[in-house]
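A.B. asks: My questions all concern the structure below.
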Amino acid sequence: MMTKQVVRRAALFGLMSLAMMLSFTVFAAAPTYAASPTIASLARQELLVQSLLAPASAPLATVTGPTQSHDPANPGSDVYAYSSYSVNTYNIWHMQGLAIWPTAVTYLIPTGTVPAGGYPVIAVSPGKFLDSTSNYDQLLRHFTLKGYITLFIDTDTGVVDCQHSRMAGEFLDGIKKTITNKLSGKASNPPKVAWWGHSMGAKVEALAARMTTNSAYIAPTAVIANNFSNNNGGVCSDDAIAGANTIPASIWYTIIKGDNDTVAGSDPQNLYNAIPQVTHRQLITVVSYPDISLNADHYAPMTNYNILVGGTLDALDWWLYWKVAVGAFNYHFKGGSDIWAYGSQRTNGGIDSSGRQILHQVS
């Protein structure tokens, strides 16, 4: 079966060959985007990536701050219930008229005896231009080794894809089809599902959450929205804040923002303000500590350096992003304590080498 990358590469080669037969004016015009992308348009979008994005600065310096906890009670610790996992990828194909495009789903399953009742499922929705598992590799590993089936669902078709409501429907479709068709006998039944999103992915999940009033979809118990970005720097008009008051009140909603996030800006706060109907909502602000290279920027939730945008693995991951997420998952699905995600340990960022307590903020 063809992967999304193979399809894009084949389309790109075909487009280049076609250029030799057609006049230059075919490529002189600005690319257009129809209601749904075609394979040829995907190839043209890929050609624009390097001209639209400037290289990022070098990776942050090596962290001298808090080390990862060895306490098995800490959801961000390096103590794991499992030692290995399997990785599988497949495509869900969509068609509208002559347009055809895939949703790529990667799912990670802990290796070992399936627990009674099956594994809970965590669905991850990545940021724009970050739709590769390599950008979040250690996060996905951490979730899975803590005892969860982790889905990485890529609904973005290319550079100019702003159809976030369409992506939200495909995200929900990816969750249901993967659980039903790929995870029988492994995923919990009935499904126990939570979502983790970053940037545009957090927006896609906010749009998807309001759709879960439709019983055809599997509603999440909890959502962790990291650096929620509503309009991709003003380029995309599809609004996830307007209408957010229709998100079901029963979903536990955690919104996490970085104090140095210049991309999302006030969007996380605006989303928090837009969901007063949600019974359990919170806004956590990740605080930067420049003297020990802890930078709570837009790309802090990533766990691998990306030459286009940055990102790094550091104490903000295991003491904040991982701890809060797995703490929430454990509380909802495994009878764990609520202190790590919803209580006194939310703001605890660990102790640096000088003995200073790193603290984050919560609203």
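Since every read-out is calculated from the coordinates, none of them should be taken as a lab result. Since the structure is predicted, the reported quantities are computational estimates derived from the model, not experimental observations. Neighbour counts run over all protein chains shown; Cβ positions are idealised from the backbone, glycine included.
A.B. asks: Quick query: amide H of His198 versus all other amide H atoms, modeled in the peptide plane; which residues come in under 5 Å with a sequence gap of 5 or more or a different chain?
C.D. replies: Answer set, sorted by chain and number: Ser125, Gly127, Asn226.
A.B. asks: Now for a different question. Over the range 112-265, what is the mean sequence separation of C-alpha contacts under 8 Å (at least six apart), divided by residue count, expressed as relative contact order in percent?
C.D. replies: Once normalised by length, the contact order is 25 percent.
A.B. asks: Using Cβ counts within 10 Å as a stand-in for footprinting exposure, how do Thr285, Thr213, Thr67 rank, fewest first?
C.D. replies: Ascending number of Cβ neighbours within 10 Å: Thr213, Thr67, Thr285.
A.B. asks: Roughly speaking, what is the stretch gain from Ser344 to Ser86, that is 0.36 nm per residue apart minus the C-alpha to C-alpha distance, in nm to one decimal?
C.D. replies: My answer for the length gained is 89.4 nm.
A.B. asks: Add +1 for every Lys or Arg and -1 for every Asp or Glu among the other residues with Cβ under 15 Å from the Cβ of Ser83, and state the total.
C.D. replies: Local charge sum for Ser83: +1.
A.B. asks: Taking the Cα centre of each part, how many Å lie between the range 67-115 and the range 309-362?
C.D. replies: If we compute the Cα centre of each part, the gap is 20 Å.
A.B. asks: Can you give the net charge of the other residues whose Cβ lies under 12 Å from the Cβ of Ala296, counting K and R as +1 and D and E as -1?
C.D. replies: Neighbour charge sum, excluding Ala296 itself: -4.
A.B. asks: Could the peptides 69-76, 88-95 be put in order, highest first, of the mean number of other beta-carbon atoms found within 10 Å of their residues? Walk me through the numbers before you get to the answer.
C.D. replies: Details: 69-76: 16.9, 88-95: 14.2.
Top of the packing list down: 69-76, 88-95.
A.B. asks: Please give the net charge around Leu308, taking every other residue with its beta carbon less than 13 angstrom from that of Leu308, where Lys and Arg add +1 and Asp and Glu add -1. List each step's numbers first, then the result.
C.D. replies: On the way: positive: Lys128; negative: Asp131.
Here the charged neighbours net out to 0.
A.B. asks: Okay, moving on. I need to check one value: relative contact order of the range 86-146, counting alpha carbon pairs closer than 8 Å and at least 6 residues apart, in percent.
C.D. replies: With pairs under 8 Å counted, the relative contact order is 28 percent.
A.B. asks: What order do you get for 222-228, 315-321, 348-354, 336-342 when each peptide is scored by the mean count of other beta carbon atoms within 10 Å, highest first?
C.D. replies: Per-residue mean Cβ counts within 10 Å order the peptides as 222-228, 315-321, 336-342, 348-354.
A.B. asks: Neighbouring Cβ atoms within 10 Å as the yardstick, rank Lys182, Lys146 fewest first. Before the final figure, lay out each step's value.
C.D. replies: Numbers: Lys182 16, Lys146 23.
The most exposed by this proxy come first: Lys182, Lys146.
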